[in-house]
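Each remark here refers to the structure printed beneath this line.
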Ligand SMILES: [Ca+2]
Ligand SMILES: [Ca+2]
Ligand SMILES: [Ca+2]
Ligand SMILES: [Ca+2]
């Protein structure tokens, strides 16, 4: 996700609404009672709850609820249950004076239940075992929609002029083929910062739940099964691009294009952005030289390239293991292995970080952590090669980064502590000696406890700082808790994790999920800051949006104009804000990297 200013003149504002009338009628999230004019609003996980889950609902009303609240199983089979509503005293968000927490009983069987207040049905709640499976492939299709080069969503080829190198060991503007990869979000830049992580996360999702991913498409994303789970097709799309960005032993390209991209919404193959060679032509390719970069007024910070190198090595090493072990393509596995070894060595030679570059504005990906990534790369290389040197280096890097990250802080710059959790610690845990395992779990636990502490400041139990891309923080918190549980068997944070999961799926002040098109017939983001929504009047499903942001941050954003009345106006509060509006580039832009992180979370939640 990259900040950019929305330019209303570039848009066809009147064309942006596409309502699914049926879904609106059947799944309207608030019920206004005509008699007594009492508004009772339920916020809950729209995908459903697994039987063993902590099942917490959030109820808001404009008057105190004194009537009995009952839970009735559709189709019978269980006696109606009287529910206890616990009034919320501290940490209320929003104008509704009466707010309640309801815990559903743990005796519920699989089925659909209706919540009744005073014998009026408020909402249906699903208890099911496989509540995530049905929507998983939507996230995969969103990733395909972000592809650069041949894009199956548009059935079109874009950005064939990627790219011409700057800051490299060749003359400026030298051309190499860096086509491929993914567009970052609603814009069409490509970053190795995020692409490396996205590839590695999808490979992890395959490791955890490979048998649950479908094979609906071929490598190019056509609707033709190719015998390979689409999660691996997608991960390979990323690995192929990383290999292209490393065309020679000591070469690594880290970014294609820059904020000259930001000229309003555009179909990728009709990109009117110019980088010096005319519109819709060659784009700038930035060589990772470990030094501050910027071709205009603004310069990034940089002290090395190890953040990029470590993550690339992790992704490539993982890819090598998977392609070799499953006998998918031994030559590809070998190519990934060689590249992983070379790129990791580049990181060792230039420890430090390389950030994203900007051109016309100071906004960029400000990553400044790198030891986490080298730890991850070293651990994966040890698993691939068995070379003890990698294990020792992974431990050394782990002890540099320790518990550092956004969880240990109250705030951070945009993407400063990328990739939002230290995956290196989990990767190293599997192979580390016992004494190191203790350190790794202690660092994870310290992180988790800071979030738990913050979660007690509001009734929703949301413990992340609402920085830009708060949903990425939520997804990574959930991921870290589940990985911590796998490492230790300690489930003391499980309930807090579940509250964060439920936040993503509708148990939040706005009653919306944070994924486009999920669940079908649900309340989900639809007026998103994405080209197909604006230009084709169609919103691809499965994209994770940025998410709610502090009101104080929102008020300082320039050029942000909403295009429609705020359908959530009644539910806004003084702390955090969210709009399902094309104009809100701060909360409602689906991102490639957030969606990739969510694919791993999805696999872990099942
Ligand atoms: Ca496939
Ligand atoms: Ca990092
Ligand atoms: Ca909506
Ligand atoms: Ca809207």
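Which shape class applies to the stretch 241-343: rounded if a/c is under 1.5, otherwise prolate when a/b exceeds b/c and oblate if not, where a ≥ b ≥ c are the square roots of the Cα gyration tensor eigenvalues? Oblate, because a/c is 1.5 or more while a/b does not exceed b/c. Between residue 299 and residue 392, the modelled label-to-label distance comes to 3.8 nm, taking each label 7 Å out from Cα in the direction of the beta carbon. Convex hull volume per residue, computed on the Cα atoms of the stretch 354-437, equals 90 Å³.
Taking other C-beta atoms within 10 Å as the exposure proxy, 600, 391 rank 391, 600 from fewest upward. A convex hull fitted around the alpha carbon atoms of the stretch 23-127 yields 115 Å³ per residue. Here the mean projected area of the convex hull built on the C-alpha positions of the chain is 26.0 nm². Considering helices alone, the calculated mean residue ellipticity of the chain at 222 nm is -10500 deg cm²/dmol, with DSSP H runs of length four and up weighted by -39500 (n - 2.57) and normalised per residue. Only beta bridges with both residues in the stretch 23-127 are counted; by DSSP, about 95 percent of them are antiparallel. Any chance you could check the Cα centroid distance between the stretch 463-478 and the stretch 176-215 for me, in angstrom? Centre-to-centre (Cα) distance: 20 Å.
Residues 81, 374 in ascending order of nearby Cβ atoms (within 10 Å, fewest first): 81, 374. The Cα atoms of the stretch 400-499 give a gyration tensor whose axes a ≥ b ≥ c have a/c of 1.5 or more with a/b no greater than b/c, which makes the shape oblate. For the chain, the relative contact order works out to 17 percent when only alpha carbon pairs closer than 8 Å and six or more residues apart are counted.
In the chain, what percentage of the DSSP-assigned beta bridges are antiparallel, given to the nearest 5?
The antiparallel fraction comes to roughly 90 percent.
In this rough spin-label picture, where each label sits 7 Å from Cα along the Cβ direction, the residue 334-residue 552 distance is 5.8 nm. Name the shape class, rounded, prolate or oblate, that the alpha-carbon gyration tensor gives for the stretch 121-258, where a ≥ b ≥ c are the square roots of its eigenvalues, rounded holds for a/c under 1.5, and otherwise prolate holds if a/b is larger than b/c and oblate otherwise. It is prolate, given that a/c is not under 1.5 and a/b is the larger ratio. For the stretch 500-540 and the stretch 332-401, what is the centre-to-centre distance using only Cα atoms, to the nearest Å? The stretch 500-540 and the stretch 332-401 have Cα centres separated by 34 Å. Relative contact order, whole percent, for the stretch 432-487 stands at 32, derived from Cα pairs under 8 Å and 6 or more residues apart. How high is the relative contact order of the stretch 23-127, given as a whole-number percent (alpha carbon pairs under 8 Å, six or more residues apart)? The normalised contact order for the stretch 23-127 reaches 29 percent. When each of 475, 481, 126, 561 is scored by the number of other beta-carbon atoms lying within 10 Å, the sequence from fewest to most is 561, 126, 481, 475.
Read-outs: derived from the displayed coordinates by stated rules, not from any lab. Quick caveat: nothing in here was measured; it's all calculated off a predicted structure. Cβ sites come from the backbone with ideal geometry, for glycine too, and all protein chains shown count toward neighbours.
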